[in-house]
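Below: one structure, written as structure tokens.
The values are calculated or read from the model by the stated rules, or taken from the named source; none is laboratory data. This one's a predicted model, so the numbers in the text were calculated from it and none came from an experiment. Cβ placement follows ideal geometry from the backbone for every residue including glycine, while neighbour counts extend to all protein chains displayed. Surface areas here come from the heavy atoms of the whole protein model, side chains and all, with no ligands, DNA or RNA. Shrake-Rupley method; radii C 1.70, N 1.55, O 1.52, S 1.80 Å.
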Amino acid sequence: MFAAERRNVILEILKDKKRITVKELSQMLNVSEATLRSDLSQMEKKGLLTRTHGGAVLDSPIKAENTFSAREKKNKESKIAIAKKAMSLIHDKNCIFLDASTTALEIARLLKEENIRLTVLTNGISTAIELRDNPAITVILLGGMLRNGSMALEGPFGTSILNQIHVDILFTSARGFTVEEGLTDFSVYEVELKKVIVNKVEKVVAIVDHTKIGDNSIASFASVEDIDLFISDEDINQDLKEVFEKNHVQFMKS
């Protein structure tokens with residue numbers, strides 16, 4: 001089991017039990033206590049849990065800085081610049097998927113003012129609301145579970161509709177991106193949804209501001225090989241350029 005998968009399982013256990021000891025986790029997962037202590041420390045740094053003597057507890061109230069409204073205000077100019085670049089990829093009669101990220105919301109705000117015929121699928125409540133008054137755009141909101149502090153509908157409940165509709169482009173952000181893990185996110189349920197979408201769409205476009213490159217979150221939903229185009233607000237280093245070239249990932253700077 002990879003580290004990201006193991007931490008994913010730990011989070012699921014904590015959601016059920018609320019409190020767990022390292023010894024209990026070791027027995028359940030057949031992993032050394034030293035490895036699990038490292039996992040818990042990394043997860044605490046990401047605000048997923050709180051370490052206790054000998055174990056961990058799940059943070060019940062979501063931290064204010066992790067709410068959708070708080071995230072929307074971070075790096076706003078970078079997100080707008082990325083959204084403007086992404087607009088060049090969207091054409092009349094396309095069917096696109098906008099994830100529930102704050103960067104995708106900026107794309108929706110630009111699309112709202114366009115006279116363009118589109119079908120937009122999304123699991124983002126704010127994104128759907130933003131687009132509802134444009135008569136040329138058909139909006140399909142995927143159903144799912146709504147988390148505290150989130151504006152995303154999550155889980156596999158809405159994925160059946162993806163078998164009925166051909167989607168040209170997925171625009172997706174992430175909490176982090178590394179070469180090793182690819183695009184990663186915080187919510188286990190949203191990751192599961194995004195994995196399905198990545199496998200269904202014609203083109204995967206990552207819309208990731210520079211602060212997230214080199215960072216990592218709890219679980220991966222797309223490897224470097226899955227990404228067709230990567231848009232960011234700052235240039236990337238030569239090593240990452242070479243990785244992208246090797247994996248046929250086009251890079252665009254906003």
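What the table below lists for this structure:
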{"read-out": "Scaled radius of gyration (Cα, divided by 2.2 N^0.38 Å) that the stretch 96-144 gives", "value": "0.97"}
{"read-out": "FRET E, pair Glu225, Ser26, Förster distance 45 Å, beta-carbon r, rounded to 0.05", "value": "0.85"}
{"read-out": "Around His166: net Lys/Arg minus Asp/Glu count, Cβ-Cβ under 10 Å", "value": "-1"}
{"read-out": "All-pairs alpha carbon distance profile, the stretch 150-194, 10 Å steps from 0, percent", "value": "22, 50, 27, 1"}
{"read-out": "Efficiency of FRET between Lys246 and Glu180 - r from beta-carbon atoms, R0 22 angstrom, step 0.05", "value": "0.95"}
{"read-out": "Difference of contour (0.36 nm per residue) and Cα-Cα distance, Leu146 to Asp16", "value": "45.1 nm"}
{"read-out": "The stretch 10-28 residues near the modelled Lys45 label - backbone nitrogen below 19 Å, point 7 Å along Cα→Cβ", "value": "10-11"}
{"read-out": "Kirkwood-based Rg to Rh ratio, the chain, C-alpha trace", "value": "0.98"}
{"read-out": "Net charge dipole size for the chain [Lys, Arg +1 and Asp, Glu -1 on Cβ; Debye, nearest 20]", "value": "700"}
{"read-out": "Ellipsoid semi-axes in whole angstrom, largest first, where each is sqrt(5λ) of the Cα gyration tensor of the stretch 188-254", "value": "20, 14, 11"}
{"read-out": "Packing rank of 237-249, 30-42, where each peptide gets the mean count of other beta carbons within 10 Å, highest leading", "value": "30-42, 237-249"}
{"read-out": "When each of Lys18/Lys194; Lys79/Lys195; Lys74/Lys212; Lys18/Lys195 is checked by Cα-Cα distance, pairs over 19 Å", "value": "Lys18/Lys194; Lys79/Lys195; Lys18/Lys195"}
{"read-out": "For the stretch 1-55, alpha-carbon Rg and Dmax in angstrom", "value": "9.8, 26"}
{"read-out": "Sequence-separation-based contact order of the stretch 85-217, relative, with Cα cut under 8 Å and 6+ spacing, percent", "value": "23"}
{"read-out": "Label point at Thr52 placed 7 Å out along Cα→Cβ; residues across the stretch 1-26 whose backbone nitrogen lies under 17 Å", "value": "10-26"}
{"read-out": "Rounded percent of accessible protein surface that carbon and sulfur make up, the chain, 1.4 Å probe", "value": "48"}
{"read-out": "Listed residue (Val191, Thr138, Ser150) projecting farthest to the positive dipole end of the chain, Cβ model", "value": "Ser150"}
{"read-out": "With Cα atoms, 0 to 90° folded angle of helix 188-200 axis to the chain main axis", "value": "40"}
{"read-out": "Within the stretch 80-164, trypsin sites (Lys or Arg not before Pro) in DSSP loop having at most 10 other beta-carbon neighbours inside 10 Å", "value": "Lys93"}
{"read-out": "The chain - percent relative contact order, Cα under 8 Å, separation 6 or more", "value": "15"}
{"read-out": "The stretch 128-254: Rg to Rh, with Rh as the Kirkwood radius over Cα pairs", "value": "0.98"}
